[in-house]
Amino acid sequence: IGWQSAGFAIDSGVAAATQIAYAPKPRPGSLPADEFTKLARATPTEVLILDVRNPDEANAGMIKGALLIPDEELATRMGEVPKGKRIVTHCLTGIRAEMAHYKLKDAGYKSGFLNADIEIDKAGNFKVTAK
């Protein structure tokens, strides 16, 4: 009634859409699972995979060539991360990887993160499950 008394237009009839679909947008800085997999398997010289899990998690296995710096230590160990490379962070689920990405970005690094679940075995083989 308030809408009508304000003089706004009113349409009536059947709505055109019959289904609603939610299509999430990628989080800023996140890499698609397939792009991360390609980078982590190829380990190009201009890219560093940064594992931000805790040491007890990393003991189960790490991606070959990755650097382990737990997210909670990143601010004090930033000097160990090379400035001239693209830094791609990962953790078990993507939450700490995203936090590390923003710390790196704020410090002037070119970075991105894996927003997915990842399992890594002792041999460095990994499986990424997109969310």
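The values are calculated or read from the model by the stated rules, or taken from the named source; none is laboratory data. Please read all numbers here as calculations on a predicted model, not as lab measurements. Using ideal geometry, Cβ is built from the backbone for each residue, glycine included, and neighbour counts are taken over all protein chains shown. For accessibility, only protein heavy atoms count, side chains too; no ligands or nucleic acids. Shrake-Rupley method; radii C 1.70, N 1.55, O 1.52, S 1.80 Å.
Of all residues in the stretch 7-59, those being free of Cβ contacts under 8 Å to residues at least 40 places away in the same chain and in contact with a helix residue (DSSP H, G or I) (Cβ under 7 Å, 6 or more places away or on another chain) number 1.
Can you tell me which residue within the stretch 77-95, out of those that are among the basic types (K, R) and either more than 15 Å from R53 (Cα to Cα) or under 9 Å from the mean Cα position of the chain (by Cα) (or both), is surrounded by the fewest Cβ atoms within 10 Å (Cβ to Cβ)? Give the steps one after another, and end with the answer.
Going residue by residue through the stretch 77-95, those that are among the basic types (K, R) are 77, 83, 85-86.
Add one more test, that the residue is either more than 15 Å from R53 (Cα to Cα) or under 9 Å from the mean Cα position of the chain (by Cα) (or both), and what stays is 83, 85-86.
Values: K83: 11, K85: 16, R86: 14.
Ranking the qualifying residues of the stretch 77-95, first place goes to K83.
Here A42 meets the list (1) within 19 Å of K110 (Cα to Cα); (2) modelled with pLDDT of 95 or more almost entirely, failing just condition (2).
Of everything in the stretch 65-76 that is open to solvent by 50 Å² or more (accessible area, probe 1.4 Å) and not aliphatic (A, V, I, L, M), the residue that is farthest from A123 (Cα to Cα) is T76.
How many residues does the stretch 96-131 contain that are farther than 12 Å from R53 by Cβ and touching a His at 6+ places or on another chain (Cβ under 6 Å)? Total satisfying the criteria: 2.
Here are some residues: A58, A33, A100. Which one is open to solvent by less than 50 Å² (accessible area, probe 1.4 Å) and closer than 17 Å to T129 by Cα? One residue alone meets the criteria, A33.
Would you check which residues across the stretch 1-26 are open to solvent by less than 90 Å² (accessible area, probe 1.4 Å), farther than 30 Å from K105 by Cβ and part of a loop (DSSP other than H, G, I, E, B) and list them? Matches in the stretch 1-26: A6, G7, A9, G13, A15, A17.
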